[in-house]
Amino acid sequence: MATRLARFESGLSELRYFPTAKHVRATIDGATVVDSHRAVLLWEPRRVVPQYAVPAADVVADLVPGAPGDGDTRGGPVRMGEEAVEVLTPEAGFGHHTAPGEVLTVRIPQQERVGAAFRLADPDLADHVVLDWDAFDEWYEEAQRVIGHPHDPLARIDVLRSDRHVRVERDGTVLAESSRPSLLFETGLPVRFYLPPEDVRFDLLRPSDTRTTCAYKGVASYWAVPAGDAAGAPIDVAWTYPDPSPDAVPVTDMVCFFDERVDVVVDGERRDRPLTPWS
């Protein structure tokens, strides 16, 4: 019997790590606090993107024992995928630990970052500490700054021009229609349809103050529909990358709509709304 590959679900319940040959650095207030040639990419159970773990000796700071719950716990688990698996995304916050270990505060002479490190109890990684990406000001892989989260060596994006006919509707109103989309395929996420701005009804949208960061695509700006939710407040329905990262240059200034919040009709077939953190 054939096995269907399902990388998104595979291994989610386990503590996983992957050594990297990259020189990894992180700074606070311009000072290098993490400097390691021995980093590993690490996924705590149910985490969908990796974090960096480095030997404690590669952290130029005091690692002070903290208390459970210290650190960033602003979010929580969400469900996504065909099986509605409960997962932790970067928005969940670093403080939700799902592996045994000790919470630590990173202390330098000028300041401290509470709960920004986690010493793993696993014997294979006993000398390593996992680090909160957002607790540091800048991260570098070699000499290149990296934003959002570490790059996953098993994830990628792929942009292909297409001649599919795409129509985007919300409550029966057509927001965009195009026969020249670019399709962006990203590991673990639904295919996204990026449309030329000339094919979008901007008169039905309004600019949003929302900005988000993707480690692979860059910083996104958003568009909303007025009176979009039950309370009459605008709701974000689309985004664009005005100055994307190199891998996403083919979708520069193109507009992509949330399949989760609008109806997307491709070649006459209405797509199901996927279950993701943005549903």
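Solvent-accessible area of the chain (1.4 angstrom probe, protein heavy atoms only): carbon and sulfur portion equals 50 percent. If I stretch the segment between Ala126 and Thr187 completely, what's the gain in nm (0.36 nm per residue apart, minus their alpha carbon distance), one decimal? So the extension gain works out to 18.9 nm.
Once you sort the root eigenvalues of the Cα gyration tensor of the range 175-224 as a ≥ b ≥ c, which label holds: rounded (a/c under 1.5), prolate (a/b larger than b/c) or oblate (the other case)? Cα axes put the range 175-224 in the oblate bin.
Checking every one of the GluC sites (Glu not before Pro) in the range 65-105 against DSSP loop status and a limit of 12 other Cβ atoms within 10 Å picks out Glu82, Glu83.
In the distance distribution for the range 197-241, Cα-Cα pairs more than 13 Å apart total 57 percent.
Each residue of the range 16-21 is assigned a 3J(HN,Hα), and the resulting list reads 10, 8, 8, x, 10, 8 Hz, derived from the Karplus form 6.51 cos²θ - 1.76 cosθ + 1.60 (θ = phi - 60°), x at Gly and Pro.
Taking amide H as placed 1.01 Å from N in the peptide plane, Val255 has its amide H under 5 Å from the amide H of Leu195, each at least 5 places away in sequence or on another chain. Could you tell me the calculated FRET efficiency between Asp209 and Asp229, based on Cβ-Cβ distance and R0 = 25 angstrom, to the nearest 0.05? Efficiency, rounded to the nearest 0.05: 0.95.
Among the chymotrypsin sites (Phe, Trp or Tyr not before Pro) found in the range 17-109, not one is both in a DSSP coil and sparsely packed, with 12 or fewer other Cβ atoms within 10 Å of its Cβ.
Rounded to the nearest whole Å², what accessible area per residue is found for the chain with the 1.4 Å probe?
50
Taking all protein chains as they are arranged and a probe of 1.4 Å, the heavy atoms of Thr213 leave approximately 80 Å² accessible to solvent. For the range 86-132, the square roots a ≥ b ≥ c of the C-alpha gyration tensor eigenvalues yield an a/c of 1.5 or more together with a/b not exceeding b/c, which makes the shape oblate. Amide H contacts under 5 Å for Gly93: Gly75, restricted to partners 5 or more places along the chain or on a different chain, H placed in the peptide plane at 1.01 Å from N. Sort the range 111-169 into rounded, prolate or oblate with this rule: let a ≥ b ≥ c be the square roots of the eigenvalues of the Cα gyration tensor; rounded if a/c is under 1.5, and if a/c is not under 1.5, prolate when a/b is larger than b/c, oblate otherwise. In terms of gyration-tensor shape, prolate.
Relative to one another, the C-alpha centroids of the range 87-114 and the range 40-60 are positioned 11 Å apart.
The values are calculated or read from the model by the stated rules, or taken from the named source; none is laboratory data. What you see is a predicted model; the values in this text were computed from it and never measured. In this analysis, Cβ positions are derived from the backbone assuming ideal geometry, glycine residues included, and neighbour counts consider all displayed protein chains. Remember, those area values only see protein heavy atoms, side chains included, never the ligands or the DNA or RNA. Shrake-Rupley method; radii C 1.70, N 1.55, O 1.52, S 1.80 Å.
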